[in-house]
Amino acid sequence: MEYKVKRLNLEEIGHVYQTYMVPDFPPGELKPLSHIERSVKEGFGFTLGFYEETDLIGYAVLIICEEMSCALLDYFAIVKERRGQGLGHEAFGLLTKYFVENLPKIHGIYIEAEQIVKARNEKEKVIRERRIAFYQSCNCTMTKLESELFGVEYSILYRPLGESKVLPIREAVDAIYRTMFKKEHYDQFVTLVMK
C-alpha cells in the first residue's frame with residue numbers, strides 16, 4: 001500500500017480538528033482551533049495529513065522555530081479506526097521525510113509526552129509509557145528537559161533530522177514556546193526545568 005503526506009490548508013485543518021482532534025484529545029490538552037489557525041496565518045505552524053490513497057490515516061500539527069532551526073510536534077495521531085495497524089511508524093516516517101525534503105534547515109523535532117510519574121492511575125500510566133516507547137522506537141531520544149504548560153507536565157523527547165547539529169535543548173524549546181504563546185500566557189503558564 002502506498003502512503004503519502006500532504007500539507008493541509010486552513011479549511012482541511014478545520015475539518016481535521018472538528019472530526020478527529022476534538023474526540024482524540026482531552027479538552028485540557030487541546031488548543032483552540034483559532035490558535036492553530038493563527039500559527040498557520042503567521043507562518044510558524046502547519047498541519048500534515050497522512051493518506052492511504054485518498055483516505056486520511058493520521059495527522060500532525062507542527063510548530064517551527066526558524067531562529068533555532070527546530071520544530072515541535074504539537075499533535076500527532078492516527079485516526080481511531082486505523083489504530084493498531086502499525087500506521088504510526090509509517091506516518092512518523094513520512095513526517096521526518098517531509099522535513100528532510102521540504103524543510104532542510106530544520107535540524108530536529110521536539111516532542112512533548114505527558115510525564116509517566118504524573119499519571120493519575122495505572123491505565124493512564126500504561127498509555128503514557130506506550131506513547132513514549134512508540135516515540136523511542138521512531139529514533140526519538142528522551143532529553144533531560146521537562147515542561148509544564150497550562151498545568152500539564154511533559155517529558156521532552158528529541159528526534160534529530162538529516163545531518164543534525166546539537167541544539168541547546170532548553171533554549172530551543174523555550175524559543176518554540178515563546179513563538180507559540182502570547183507573552184502574558186507564556187509568563188503565566190509555561191515552565192521549563194532541566195532534570
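Tabulated values for the structure
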| read-out | value |
| --- | --- |
| Cα-derived Rg over Rh, computed across the chain with Rh taken as Kirkwood radius | 0.93 |
| Separation of alpha-carbon centers, the stretch 134-195 and the stretch 1-54, rounded to whole Å | 20 Å |
| Counted charge near F189, where neighbours are those whose Cβ lies closer than 13 Å (Asp, Glu -1; Lys, Arg +1) | 0 |
| Set of lysines near K144 by C-alpha distance (under 29 Å), chain-local residues within fewer than 8 positions excluded | K31, K97, K105, K118, K123, K125, K165, K182, K183, K195 |
| 10 Å Cβ shell holding at most 10 others, DSSP loop, GluC sites (Glu not before Pro): longest site-free stretch of the chain | 54-162 |
| Radius 10 Å from Cβ of F44, net charge of other residues (Lys, Arg +1; Asp, Glu -1) | 0 |
| Modelled label reach - K118, point 7 Å along Cα→Cβ, the stretch 23-38 residues with backbone N closer than 12 Å | 29 |
| Net charge over other residues, Cβ less than 15 angstrom from the Cβ of V16 (K, R count +1; D, E count -1) | -2 |
| The chain: most fluctuating residue of G93, G84, G151 per GNM, C-alpha cutoff 10 Å | G84 |
| Loop sites in the stretch 79-143: trypsin sites (Lys or Arg not before Pro), DSSP, at most 14 other Cβ within 10 Å | R83, K105, R120 |
| FRET efficiency estimate (nearest 0.05) - Cβ-Cβ, E163 to L30, R0 30 angstrom | 0.30 |
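Any read-out appearing in this document is the output of simple, stated calculations on the displayed coordinates, not a laboratory observation. The structure presented is a predicted model; accordingly, all values stated were derived computationally and were not measured. Note: ideal-geometry Cβ built from the backbone for every residue, glycine included; neighbour counts use all protein chains shown.
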